[in-house]
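Participant: Starting off with a structure, shown below.
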Amino acid sequence: MKLSLSRVKTFLIKPKIIIILAFLLLSGLLFWFCLPNPLFNSPTSYVIDDTDGQLLGASIASDGQWRFPPNAEVPEKFKQCIIAFEDKRFMHHPGFDILALGRAIKKNLRSKKVTSGGSTITMQVIRIATKHKRTLWNKLKELFMAMRLECSYSKNEILSLYASNAPFGSNVIGLDAASWRYFGRSPDKLSWGEMAAMAVLPNSPSLVHPGKNRAILLKKRNLLLDKLHQQGIIDATTASLAKLEPVPDRPVALPQLAPHLLERFKADHQNNPHGQTRIKTSIKASLQQQVNEILEMHHQILKANDINNIAAVVLDVETGATLAYAGNISHPEDTAMESDVDVVNAPRSPGSTLKPLLYASMLHDGLILPNSLMPDIPTQIAGYHPENFDLGYDGAVPASRALSRSLNVPAVKMLQQFKYERFYDFLHHIGITTLKKPADHYGLSLILGGGENTLWELTGAYADMARVLNHYSKYKGKYDPADYHNPVYAVPPAKKPELQKSGLLDAGSIYYTLQAMEEVMRPGEEMLWQQFSSSQRVAWKTGTSFGFRDGWAIGITPKYVVGVWVGNTDGEGRPNLTGINTAAPALFEIFRLLPVTRDWFEMPVGEMVKIKVCKQSGYRAGEYCEDTSDEWVPVSGLKATVCPYHQLVHLSPDGKWQVTGNCVSPGEIVNKKWFVLPPSMEYYYKTKNYEYHVLPPFRPDCAQAENTNPMEVIYPKDGAKIYVPLEADGSRGRVIFNAAHRQAGVKIFWHMDDQYVGETKDYHQIALNPPPGKHTLTLVDGNGNTVHIAFEVLAK
């Protein structure tokens, strides 16, 4: 044994043996590392498919080629065709076919020129990957590398590499792109005749080009069909029928059902380049097509008013997945339309569309009950003067009706109570990313469109509310923070919920918000909304930005959320560009495309409590509220304020006067519970609510109780800063001062800076022309009641 080991060692140290071993090692390493890594590194087209794999759109690759990302699945028809045409022993050889090579050499020698290459499919994959020129030396390298390829890849994988990277004429690379470019269908839907034409193209892509040399293409295809018949792959009838099919004439346009989503995916991938440049989206192609048609129909109507752009998005509530994404109309031929702008993801003024989120937040915090009265009077807060859409006032209006009518003044009053800083933070928590500046920059105008939001995020926020409410029963009264997320355009993988006892919004507050949104209507257009009634219940909200630049409509059902935006991408405002006039009709047409859901949101009784509510004020019933009802309210409603408007008043025996113990004996005083609004609210409220009874005046011989001044200045408020614009002739205009008095027929005497300026009776308005600077306004009524306010007129 020792002798044999010594002989081996002696043998191995011989120079020739060392050289041979080194050569074998080097050859092995060269063989193993001879393949490029990666094998193919060419840029690919960006491609989006719908949820069923149907092509929605594609863009040309950065090198000008139509090259779709590789597809691991090779259609069986193509597999049979390409093997029969190119490499009949493909499934059995080790990367090269010695018989085919021998036949090619013999044929080339006879013709004294290269007429046949003898390359296998595997060798062709190597040539495509390395871009080798056709020389004898390169042929040998391809043979060497083909054997290496066969070591690491299965036959099906090699076929996939070939099908994905073979040239198919012109600037079309790969079977997938060629199938769509020449036949307008995916490869798996091609017939035998069409697939045979595809199989012969890579053999001579420069010669056999659809639209050119069609006779050659037809001849080669038919020869292949005959070969398939001879091999028993297809029968005679199939071969004969396939030969009757025409070969492609010229490339066809690819589908462009969602061009804006394609551009969005492209931008997202470039910002985060992971994975392929092809994605299977959550879009439903048929719905996408129908939504596109609806938007185009409305575009044709709207453009008569120079309103050029309209966008829509449809979301699945459960997942937040996008079912339709129409970022704009599609008129690339008309640059004036700016239809290339994706408005779904463009920040725009949201108008009133944030109001439901504020209403739900107020309910969640117990600051109001669903129908609590909110002031609706002329308002000026630190120079900010909001107005309702119809420029009118109701004095006081239930919070739910303020939301359904989209009244601006009550919304601002609610935000003032909730604090705009808190609402700003809340919007960030639910995924609103477009508010880039500090909360103070937006202030109270935030609730009326003072910030910017996108249709994408707003529609997603509405879907979040519906999702939380749907999951309340499913999660047995608990909440998943992950229910708040922005929409997605690819179905996300399911995640296990991390449940908590409470959420950003409780289910009860969301339920009442959606109930209020189901009755949406706008002042002056109460009948118009009925034209949009559909067979299914929809909670919806409209919005109109300042200057009539943006019209919004967003609707919710338990399964779907639809958002529509209308306007001009350049920001130009147009008359009647309102959410109710422009966006709402398209919204309900889109809802008619969706499956009707008969079920409505289930009341989350576990998040509610039944309490006594004052019918007149909508607040928790107090001791002086006589007309009450037992109502379900969110649990947080237990913290809500007790009715502040009912009070006990002391009347004379005939009920015509208010009295005090100073002028009437206690035994003669009649105590009565009375619903009393502040004078400024009462001034407007009583004109629209006939059942409201004004307090009787104090009897002349009775001293008026403290804090019961029957007079109030409506405009301007104490401490206000106002600007009086100049008239056309350069003179300064006048300001309309407004006051309210509880008692009809009483005169009010007006003084400014201790100078008498006039008197009013019944309708207490007076036009004054105060110069720039600080002023004091004093009002005295006929009974001696006095009100003082200070204000400042700005010079600029």
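Participant: Please report how far the C-alpha centroid of the range 262-286 lies from that of the range 536-558, rounded to the nearest whole angstrom.
Facilitator: Spelled out, the Cα-based centre of one part sits 28 Å from the other.
Participant: Rounded to the nearest percent, how much of the accessible area of the chain (1.4 Å probe, protein heavy atoms only) is carbon and sulfur?
Facilitator: 55
Participant: From a point 7 Å beyond the Cα of T237 in the direction of its Cβ, which residues of the range 170-199 have a backbone N at a distance under 14 Å?
Facilitator: Under cut-off, by backbone N: nothing.
Participant: Still on this structure, please answer the following. For the chain, what does the relative contact order come out to in percent, with C-alpha contacts under 8 Å and a separation of six or more?
Facilitator: Averaging sequence separation for qualifying contacts and normalising by length gives 9 percent for the chain.
Participant: Follow-up. Within the set K436/K496; K476/K610; K474/K610; K79/K266, which residue pairs have Cα atoms separated by over 26 Å?
Facilitator: Beyond 26 Å between Cα atoms: K436/K496; K79/K266.
Participant: Ok, one more. Note down the nm distance, to one decimal, between modelled labels 7 Å out along Cα→Cβ at A304 and at Q765.
Facilitator: Rounded to a tenth, the inter-label distance reads 3.6 nm.
Participant: OK, next. Once Lys and Arg get +1 and Asp and Glu get -1 on their Cβ, which of P36, Y475, G275 lies farthest toward the positive end of the dipole of the chain?
Facilitator: P36
Participant: May I pose another question? Could you tell me which of rounded, prolate or oblate describes the chain, using a ≥ b ≥ c as the square roots of the eigenvalues of the alpha-carbon gyration tensor, with rounded for a/c under 1.5 and, failing that, prolate when a/b is larger than b/c and oblate otherwise?
Facilitator: prolate
Participant: Full-extension gain between E727 and A795, please, as 0.36 nm times their residue separation minus the C-alpha to C-alpha distance.
Facilitator: Here the answer is 23.1 nm.
Participant: Among all the lysines, which ones have a C-alpha under 29 Å from K615's C-alpha, if same-chain residues fewer than 8 places away are not counted?
Facilitator: Cα-Cα hits under 29 Å: K355, K413, K419, K541, K639, K656, K672, K673, K686, K688.
Participant: Mind checking the per residue accessible area of the chain for me, 1.4 Å probe, whole number of Å²?
Facilitator: Roughly 48 Å² per residue, with all protein chains present.
Participant: Using a Förster distance of 35 angstrom, determine the FRET efficiency expected from the C-beta separation of K155 and L244, and round it to 0.05.
Facilitator: Computed FRET efficiency for K155 and L244 comes out at 0.60.
Participant: Please list 714-723, 290-299 highest first by mean number of surrounding beta-carbon atoms within 10 Å per residue.
Facilitator: My ranking of the peptides, most packed first, is 290-299, 714-723.
Participant: Give me the one-decimal Kirkwood hydrodynamic radius in Å for the range 430-527, with the sum taken over alpha-carbon pairs.
Facilitator: 15.7
Participant: Please sort 41-51, 121-131, 504-514, 273-283 by packing, taking for each peptide the average over its residues of neighbouring beta carbons within 10 angstrom, highest first.
Facilitator: Highest mean packing first, the order is 504-514, 121-131, 41-51, 273-283.
Participant: What ranking, highest mean first, results for peptides 259-272, 313-326 when packing means the other Cβ atoms within 10 Å averaged over each residue?
Facilitator: Answer by packing, highest mean first, reads 313-326, 259-272.
Participant: Kindly identify the range 42-89 as rounded, prolate or oblate by the Cα gyration tensor criterion: order the square roots of the eigenvalues as a ≥ b ≥ c, call it rounded if a/c is under 1.5, otherwise compare a/b with b/c, prolate if a/b is larger, else oblate.
Facilitator: It comes out oblate by the Cα gyration axes.
Participant: Right, another one. Using a/c under 1.5 as the rounded threshold, could you call the range 633-702 rounded, prolate or oblate? The axes a ≥ b ≥ c are square roots of the C-alpha gyration tensor eigenvalues, and prolate needs a/b larger than b/c, oblate otherwise.
Facilitator: oblate
Participant: Using only the alpha-carbon atoms, how far is helix 355-364 inclined from the longest principal axis of the chain? Give it as 0 to 90 degrees, nearest 10.
Facilitator: Orientation of helix 355-364: about 70 degrees from the principal axis.
The values are calculated or read from the model by the stated rules, or taken from the named source; none is laboratory data. Model, not experiment: these values are computed from the prediction. Here the Cβ is made from the backbone with ideal geometry for all residues, glycine too, and neighbour counts use every protein chain on show. Accessible surface areas use protein heavy atoms only, side chains included; no ligands, DNA or RNA. Shrake-Rupley method; radii C 1.70, N 1.55, O 1.52, S 1.80 Å.
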